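To start, the structure under review is shown below, and the notes come after it.
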Amino acid sequence: MAKAVRLFLAYSVLGLAIRLTGAGNPSSISYQIHSNNDLGAWKSLLQKGARQFKVDPHYVADPLICAAARPDLVTRGVDLTYGCLVLGHDVQMSGTTPYNTTDDLLSFLASDEIAVYGDLTIATCFKSGHPCSNTPLGDSWNTLVDNFFATSIDTTATITWVLDGDAKPRDCNTDRWQPWNSTWINSEDEGALWSNDPNKGWNRFTVLNNEEDLANWTWLASPTVNYGKFSAEGMDQAYQMWEPDSQETFHQYADLFIDGIDHEAGFHFAINIDIAMFETYLANKTGDGWNTLIQPTAQFDGQLGSSLDFPRLVSLGSNEQEPTTTEFVLLTQATSTDGSPLAYYTILTSRGRASSIDAASTPRALPNATALLDLSTG
């Protein structure tokens, strides 16, 4: 096939209705923002609709390293006696580094501008901790996690915390940090797939959170397993799978859920890609849009070149029927598997606070499809 253009049109703009079948509810497929530890990015993620996040509080034991990395913590009087918990998946600290900390996270969540977004769920995947080690490092780490847990947040938003990583409720921490519940993965505490034994802390494993492994998820979705205890009545957390990347992979797991037994809480992908890309990838599956390949016109063929300035975002202004909704055309460029370029043409909508992006440029009328695909013009 020659060069192709992928066309995505949001049905909220065009009124398209997509008929989806299957026992799993496609509209309950959503996402978690996975390991985005830069709090500076959270405002835009919230404006795009993110409400589920995962952070990685990484234990740094040496107070001098913490002070050198973030001198402002010393100035603000933050107690670094026990070290610090910086937000980072793979932390390498040398000199001054801009890592956020759990103190920054708590302050951020207490701000008025965050409260307007309502309910948030934040998984805390603690790393480099020393749980139940009965050592000075273990005592210091416990103190930091205890202090984080005990700090109240003055906000009208409802924040649900989920334990992960080194802070999972097991061994000496079975009953610690209540009432926060925990994620579960099948490579650990295998019996907790079926059991809620409180003596082992398994009653607190409430979020099925397995990695991308199609054979494993196919087994979990089989009628005889049906996700173990996580599908039982009262288990109100979405199944969650982490770090897919390609559209084909997203579709495989979406189909597995949609064709399986319904779970009201839904299915979440823990993603590292942009939210708009996630929504585009899954448009046909969730019913949030229509995504298909169309053949280029003769005029279009051969006009894609390296001189193109991508991406382009064209604001169409407010929707006449819904003044609070702003519409956009997004043009992006990619490369197909055979090395030929692809252009992506997307119509998007944004609602509420996200509509402030409209002020970034003067709204322009949507050109007709032929003109839009003639990418040789500015």
Peptides 207-215, 75-83, 173-181, 140-148 ordered by average Cβ neighbours within 10 Å, highest first: 140-148, 207-215, 173-181, 75-83
So, counting K/R as plus one and D/E as minus one, what does the shell of residues with Cβ under 11 Å around THR158 add up to? 0
Potential extension, SER222-ASP255 segment - 0.36 nm per residue separation minus Cα distance: 10.6 nm
Within the stretch 137-282: Cβ-based charge dipole about Cα centre, in debye rounded to nearest 20 (Lys, Arg +1; Asp, Glu -1): 500 debye
Which value, in nm² and rounded to one decimal, describes the direction-averaged projected area of the C-alpha convex hull of the stretch 45-174? 8.2 nm²
By a straight-distance test (C-alpha under 22 Å), which lysines pair with LYS168 as possible cross-link partners, with residues fewer than eight away in the same chain excluded? LYS54, LYS127, LYS200, LYS229
Determine how large the accessible area of LEU64 is when every protein chain is in place; take a 1.4 Å probe and give Å² rounded to the nearest 10. 140 Å²
Probe of 1.4 angstrom, ligands and nucleic acids ignored: what's the accessible area per residue over the stretch 84-215, in square angstrom? 47 Å²
Among GLN178, THR158, ASN142 the positive-end extreme of the charge dipole of the stretch 68-193 (Cβ point charges): ASN142
Rounded to 5, percent antiparallel among DSSP beta bridges of the stretch 65-222: 10 percent
Quick check on the stretch 167-208: what does the Kirkwood estimate of hydrodynamic radius come out to from the alpha carbon pairs, in Å? 10.0 Å
Explain nothing, just the number: dipole magnitude of the stretch 142-218 about its Cα centre with +1 on each Lys and Arg Cβ and -1 on each Asp and Glu Cβ, in debye rounded to the nearest 20. 280 debye
With a sphere of radius 13 Å drawn around the Cβ of GLY129, what net charge do the other residues whose Cβ falls strictly inside it have (Lys, Arg +1; Asp, Glu -1)? -2
Total charge of the residues flanking PRO98 in space, meaning their Cβ is under 14 Å from its Cβ, with Lys and Arg +1 and Asp and Glu -1, is -2
Between ASP197 and LEU45, what is the FRET efficiency for a Förster distance of 51 Å, r being their Cβ-Cβ separation, to the nearest 0.05? 0.90
Roughly how many nanometres apart are two label points built 7 Å out from the Cα toward the Cβ at THR155 and ALA23? 3.7 nm
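The values are calculated or read from the model by the stated rules, or taken from the named source; none is laboratory data. For clarity, every value in this text was computed on a predicted model and none was experimentally measured. Using ideal geometry, Cβ is built from the backbone for each residue, glycine included, and neighbour counts are taken over all protein chains shown. SASA here: full protein model, heavy atoms, side chains in, ligands and nucleic acids out. Shrake-Rupley method; radii C 1.70, N 1.55, O 1.52, S 1.80 Å.
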